[in-house]
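Have a look at the structure below before the remarks.
The values are calculated or read from the model by the stated rules, or taken from the named source; none is laboratory data. Everything quoted here is computed from the prediction, not taken from an experiment. Heads up, the Cβs are rebuilt from the backbone with ideal geometry, glycines too, and the neighbour counts pull from every protein chain shown.
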Amino acid sequence: MNSPRSENSAVSFEDVTVSFGGVVILGRVTASVPKGSITALIGPNGAGKTMLLMALLGQVAYEGKIRVDAARLGYVPQRLDFDRGLPVTVLDFLVMDRQRRPLFFGIGARHRARAMEALDYVKAAHLALKRLGSLSGGELQRVLLALALSQEPQILIMDEPAAGVDVAGEGLLCEIFARLHKDSPVTQIIVTHDLSMVSAHATDVICLKKTVKAAGPISVLTDEILAATFGLHTSQPGKCVAETWCSHA
């Protein structure tokens, strides 16, 4: 397991416990996220993955310690609840929290340039003038990703970014994650149920089922660990399951 005190850690969790009404949702989670990694947070429904993100973001009370070696965090939610009938364009949406003057005075050149740069990075520049409510699931996720990236985060936190996205859209998101990993030192933390995405793109993993079942480089994903986390089994006990997936890809 990764040391929670490692100097190379972007985030360290030490004995983190989250409870509601006396019920333990997460129990004594200890793990770390290496700087510059793509760390996948995996586990079955109800394992506490999103709750751990909420603790990291300061949205729920917890016991234990969370250390963050970064000044700026970016967050991409699983979904955005909003009135799809609102006459707000993608460009309007991206500059709303950055521009002080009202939008009806127009968008400033600096804010427009930054927003367009972020959209271009996620291959969504063509969506700039489209109404936000008209976007598909995959398009909206890329816009949310562009919003997070426009804030120049040192740590990018994503909660099920491919949920409700078709195969083509998921592939495009994975391309963006890989390019970001190659282009920048941004640490990526991704909650996902998609084990094929994990095997193809993650460098590290934290397996949760109310507590940590395993944490470390992707090689910790053995048959035994998956069985303990998901109840899954393969025909090669002890072998890194990620290697098995990749060899058949």
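The single condition among (1) in contact with an Asp or Glu (Cβ under 8 Å, 6 or more places away or on another chain); (2) surrounded by 22 or more Cβ atoms within 10 Å (Cβ to Cβ); (3) modelled with pLDDT under 90 that A124 does not satisfy is (3). Taken as a whole, the condition of being among the small types (G, A, S) and touching a strand residue (DSSP E or B) at 6+ places or on another chain (Cβ under 9 Å) does not apply to A163. Filtered by the rule that a residue be among the charged types (D, E, K, R), under 17 Å from the mean Cα position of the chain (by Cα) and either assigned to a strand (DSSP E or B) or closer than 23 Å to I225 by Cβ (or both), segment 14-71 gives a lone residue, K49. If the Cβ limit is 6 Å and pairs must be 6+ apart or interchain, which residue in segment 198-218 that is touching a residue at least 12 places away in the same chain (Cβ under 8 Å) pairs with which residue that is of a type in the set (D, E)? These pairs meet every condition: P217/D204.
When G64, G22, G27, G58 are checked against the criterion of being surrounded by fewer than 19 Cβ atoms within 10 Å (Cβ to Cβ), more than 27 Å from L149 (Cα to Cα), of a type in the set (G, A, S) and free of Cβ contacts under 8 Å to residues at least 12 places away in the same chain, a single residue qualifies: G22.
Summed over segment 169-191, the residues that are among the polar types (S, T, N, Q) and surrounded by fewer than 21 Cβ atoms within 10 Å (Cβ to Cβ) give a count of 1.
Within segment 132-162, if we keep just the residues that are in contact with an Asp or Glu (Cβ under 9 Å, 6 or more places away or on another chain) and small (G, A, S), the residue that is nearest to A31 (Cα to Cα) turns out to be A162.
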